[in-house]
1. Would you list the helices (runs of 4 or more DSSP H) that sit entirely within the stretch 18-114 and hold 2 or more residues that are within 18 Å of Leu261 (Cβ to Cβ)?
2. Assess whether Ala215 counts as being touching a Ser or Thr at 6+ places or on another chain (Cβ under 7 Å) and either crowded, with 20+ Cβ neighbours inside 10 Å or farther than 30 Å from His292 by Cβ (or both).
3. List the number of the failed condition for Gly480; all other conditions in (1) crowded, with 24+ Cβ neighbours inside 10 Å; (2) more than 23 Å from Ile385 (Cα to Cα); (3) at pLDDT below 85 hold.
4. State the number of residues belonging to the stretch 211-227 that are of a type in the set (A, V, I, L, M, F, W, C) and outside any helix (DSSP H, G or I).
5. Can you tell me which of Thr513, Thr486 is without any contact (Cβ under 8 Å) to a residue 60 or more places away in the chain and either of a type in the set (Ser, Thr, Tyr) or crowded, with 16+ Cβ neighbours inside 10 Å (or both)?
6. Tally up the residues in the stretch 101-152 that are within 23 Å of Leu302 (Cβ to Cβ), surrounded by 15 or more Cβ atoms within 10 Å (Cβ to Cβ) and of a type outside the set (A, V, I, L, M), please.
7. Check Phe487, Phe507, Phe499 and return the single one that is under 30 Å from Thr160 (Cα atoms) and at pLDDT below 85.
8. When residues of the stretch 318-344 are filtered for being assigned to a helix (DSSP H, G or I) and touching a Lys or Arg at 6+ places or on another chain (Cβ under 8 Å), how many remain?
Amino acid sequence: MLTQRRFGAGFRRILQDPVLAISLLLVVLFIFIAIVLPILAMIGVSLSEEGRALFGHYLGERAYQDIIVNTLTMGLSVATVGTVIGFLFAYVQVKVKAPFKRFMHLIALVPIISPPFAVATAIILLFGRNGMISKGIFGVRYDIYGLTGLTLALSLSLFTIAYLNFKGMLQALDPSLEEAATNLGASKWHIFRTVTVPMLLPGFAASFLLLFVEAIADLGNPLVLGGNYEVLATRVYISIIGLHDNVAAAVFSVILLVPSLTVFIIQRYWVGRTSVVSVTGKPAGTPQQITHPVVRWGLTGLVLGICALIISIYAVMFVGSVTRVFGVNNTFTLEHFDFVINGYGSDAMVDTTTFAIIATPLAGVLGMLIAFLIVRKAFAGRNIIDFGTMLGIAVPGTIIGIGYLLVFNNPITLTLPFVGDNVPAITLIPKLTGGRAVLGGALAIVIVYVIRSVPAALRSGAALLSQIDPAIEEASISLGANNAVTFRKITLPLIRPAFLAGLIYAFARSMTTISAIVFLTTPQTRIMTQQILNETEQGRYGNAFAYCVILIAIVLVAIGILYLTVGSTTGAERSLEGGA
């Protein structure tokens with residue numbers, strides 16, 4: 001009862017501040033219209049009479065059962081391999097006396113700023129039937145398509161999430177625990193098994209679940225590297241693009257939504273509340289690093305080997321962008337860049353960058369605002385707002401895209417009863433997708449960019465706000481400043497590192513996303529990732545690589561500009577941790 005009164009009082013205090021009340025109302029409307037409504041619409045279509053019949057057909061047919069099993073198998077494989085690689089990188093970075101640590105750290109961050117299927121395309125040229133390594137060095141026509149190739153490509157693309165998670169946890173471990181175990185005569189291996197690993201169990205679970213969700217939701221890599229290995233995301237894509245069957249796409253999306261949402265809820269409410277803490281609560285003592293030659297150089301060698309593989313993949317991308325036909329005719333040429341910059345690709349480059357520039361500050365400010373509301377204001381429903389916001393990243397992008405097609409392919413209008421037949425309906429939300437959409441569908445793409453980026457800004461902002469004493473803001477309010485002024489002049493400058501983190505993640509995510517917007521583009525709106533996919537499917541790898549190189553360059557320049565304009569003492573990895 002006391003808790004209910006406290007939350008009710010907090011809600012009444014918000015209503016007394018018009019700016020804060022309007023902000024809360026806008027946040028709730030945004031979450032419902034941009035995130036919840038499309039998901040509900042997709043679920044509603046799947047539960048129609050035709051949809052229910054398709055559920056029985058898809059769940060009963062062996063071929064479709066295999067697709068579901070393929071999806072789950074791929075998710076488990078990628079989650080396992082990606083988590084192991086991420087832990088290996090983090091362990092060497094923190095616990096092993098190894099050289100080139102800065103180099104290994106930078107290489108581990110590279111995959112997150114590149115298009116999702118750039119790695120898959122390079123892997124085909126390296127390890128495919130006519131690959132430089134598989135055929136050129138070993139003389140083997142290896143079929144990289146399928147589960148093996150997908151596991152390799154997605155693990156190398158996603159392990160950064162696990163790496164940043166483990167790195168933070170390992171740095172936060174109390175060294176005195178290991179010192180105590182050593183003083184009691186325990187070996188390094190015994191300490192690793194009985195002290196280090198148990199303390200990291202929440203990190204293992206969180207990383208595994210996050211990578212699982214990201215893997216089963218991915219669309220670009222299965223389209224490029226899947227071959228005959230079909231997964232649910234590609235079935236959704238084929239249902240829309242190839243068959244124009246919205247009901248089938250909605251049914252497949254719900255089937256995909258079940259494991260994604262289940263894992264998200266487990267990660268959020270079970271792993272999030274499971275903690276293993278040290279006795280002191282604050283790291284004390286001197287961290288011990290492994291110096292045993294076999295272990296030290298063995299682990300370092302594994303990490304450097306993976307770094308070499310990542311470098312090889314991106315070297316293929318850069319070299320392939322300036323050669324006529326990579327691996328066949330390696331003559332230097334700039335025709336691929338000419339195609340992108342001066343030809344058909346120029347519109348995609350301008351559109352994508354423009355949309356990302358618009359979405360980035362919106363996502364950053366909205367994320368900080370929601371973080372402020374749920375951390376600093378006690379009111380009923382704040383956990384629902386938090387959960388609804390996080391759905392923007394927890395729900396696979398293909399499902400978001402399908403939901404937008406179903407909801408916003410026609411204007412949402414309101415007809416006033418008892419007014420007269422000649423009174424036109426009031427347009428509440430204009431047509432956002434398809435032909436004749438407002439701004440050619442650009443508004444829908446920007447909104448999707450925002451909802452896919454806000455969760456990262458929210459998490460980084462909430463984490464930093466929880467470390468700042470509320471007394472600072474209370475002092476401002478006691479001196480006569482309202483909540484809006486306090487947020488703008490006190491809170492926002494204090495959480496500037498988190499704000500920068502959200503901006504960097506939002507821009508990088510917007511530039512590299514594909515699954516959420518592939519259904520929303522129109523002839524008036526071209527997106528670079530979609531053009532990369534088109535060029536890859538046509539076998540024009542040089543053009544695809546040129547797109548990738550330019551995209552990466554744009555992201556790096558934007559990150560530099562954000563650091564110069566926003567400024568922060570935090571590192572780039574802070575922004576990537578927000579995405580994890």
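1. 37-46, 49-60, 62-95
2. no
3. Here Gly480 meets the rest and fails (1).
4. Total satisfying the criteria: 1.
5. When all the criteria are applied, what remains is Thr486.
6. 11
7. Going through Phe487, Phe507, Phe499 in turn, just one is under 30 Å from Thr160 (Cα atoms) and at pLDDT below 85: Phe499.
8. Residues flagged as assigned to a helix (DSSP H, G or I) and touching a Lys or Arg at 6+ places or on another chain (Cβ under 8 Å) within the stretch 318-344 amount to 1.
The values are calculated or read from the model by the stated rules, or taken from the named source; none is laboratory data. All figures in this text were calculated on a predicted structure; none of them were measured in a lab. Here the Cβ is made from the backbone with ideal geometry for all residues, glycine too, and neighbour counts use every protein chain on show.
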